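I have placed the structure first, in the form of structure tokens, so that the comments after it can refer back to it.
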Amino acid sequence: MHQTLAKYLPESAVIPCFELIKVTHVHLKIVNERVTRHGDYRRRKDGHHQITVNASLNKYRFLITLIHEIAHLVAFEKYGRSIKPHGVEWKKTFQHLMLPFIRPEVFPAQVLPLIARHFKNPKASSSTDAHLSIALKQYDEQQSDKNYVYELPIGSVFRIYNGKIFKKGNKRTKRYECIEMASGRMFLFQPNAEVELIKS
């Protein structure tokens, strides 16, 4: 397990993560990429805990995702199963577990302030924090040929991962109004949503 973790995590995070996995008795599965999620946690029918994390994540996002999922386990064990999955108890647990990793030995200097800001009030997904998501993206091994929604001119037509086609509209406070071409329905897109430009 130690050698496996070394392939996916920042070097100085390997031993603390290994200890966390050991102490929580979690079964970690590293899986092929899923478009809709970076990782997940579930308690199996036999009572064992299982966490899955996408193998395709860069080492910094892998670390955040791993701790995010362990925080679910720890919060449920401490506060009971009736808590909200991303409620106050989970946020406190996530902050507590993540704190030892928010240092320059683990994260690059340009990402650290964004990580620190994000963990003042962590979200259900770090992808909804556009600034952090874009900063982390530069460490991906394979750079995407896709565009971010915020980069596209208003009126651009784009395709998302499931083939649906949208036209970009105006920005609300944080997200962009986009019309699905087939149905005429309006959806809100995060500025850092990755899409394939069809026509600008």
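Here's the yes/no breakdown for (1) at pLDDT below 85; (2) among the hydrophobic types (A, V, I, L, M, F, W, C):
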{"position": "P108", "(1), (2)": "no, no"}
{"position": "S126", "(1), (2)": "yes, no"}
{"position": "K137", "(1), (2)": "no, no"}
{"position": "V157", "(1), (2)": "no, yes"}
{"position": "K171", "(1), (2)": "no, no"}
{"position": "R175", "(1), (2)": "no, no"}
{"position": "S200", "(1), (2)": "yes, no"}
I83 fails exactly one of the following numbered conditions: (1) surrounded by 13 or more Cβ atoms within 10 Å (Cβ to Cβ); (2) closer than 19 Å to P16 by Cα; (3) not charged (D, E, K, R). What is the number of that condition? (2)
All positions within the range 137-193 that are in contact with a Ser or Thr (Cβ under 6 Å, 6 or more places away or on another chain) and assigned to a strand (DSSP E or B): K168
Given R61, R81, which one is out of contact with any Lys or Arg (no Cβ under 6 Å at 6 or more places or on another chain), among the basic types (K, R) and free of Cβ contacts under 8 Å to residues at least 60 places away in the same chain? R81
Residue check: is L99 at pLDDT 95 or above and closer than 25 Å to K120 by Cα? yes
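Against the condition among the small types (G, A, S) and surrounded by fewer than 17 Cβ atoms within 10 Å (Cβ to Cβ), how does S156 come out, does it pass?
When the stated conditions are applied, S156 does not pass them.
This table checks each residue for (1) surrounded by fewer than 12 Cβ atoms within 10 Å (Cβ to Cβ); (2) closer than 26 Å to I160 by Cα; (3) of a type in the set (F, W, Y).
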{"residue": "G47", "(1), (2), (3)": "yes, no, no"}
{"residue": "Q95", "(1), (2), (3)": "no, no, no"}
{"residue": "V106", "(1), (2), (3)": "no, no, no"}
{"residue": "A135", "(1), (2), (3)": "no, yes, no"}
When E69 is evaluated against the numbered criteria (1) within 26 Å of K7 (Cβ to Cβ); (2) part of a strand (DSSP E or B); (3) not aliphatic (A, V, I, L, M), which criterion, by number, is the only one it fails? (2)
Which count do you get for residues in the range 90-136 that are free of Cβ contacts under 8 Å to residues at least 60 places away in the same chain and not in a loop (DSSP other than H, G, I, E, B)? 21
Answer residue from the range 80-89, given it is assigned to a loop (DSSP other than H, G, I, E, B) and more than 17 Å from the chain's Cα centre (by Cα) and is modelled with the lowest pLDDT among those: R81
Considering only the range 159-168, state which residues are surrounded by 13 or more Cβ atoms within 10 Å (Cβ to Cβ) and either in the same structural domain as P10 (by TED's automatic domain parsing) or within 19 Å of the chain's Cα centre (by Cα) (or both). I160
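The values are calculated or read from the model by the stated rules, or taken from the named source; none is laboratory data. As the structure is a prediction and not an experimental result, all values here were calculated from the model. Glycine also receives a Cβ, built like all others from the backbone with ideal geometry; neighbour counts cover every protein chain displayed.
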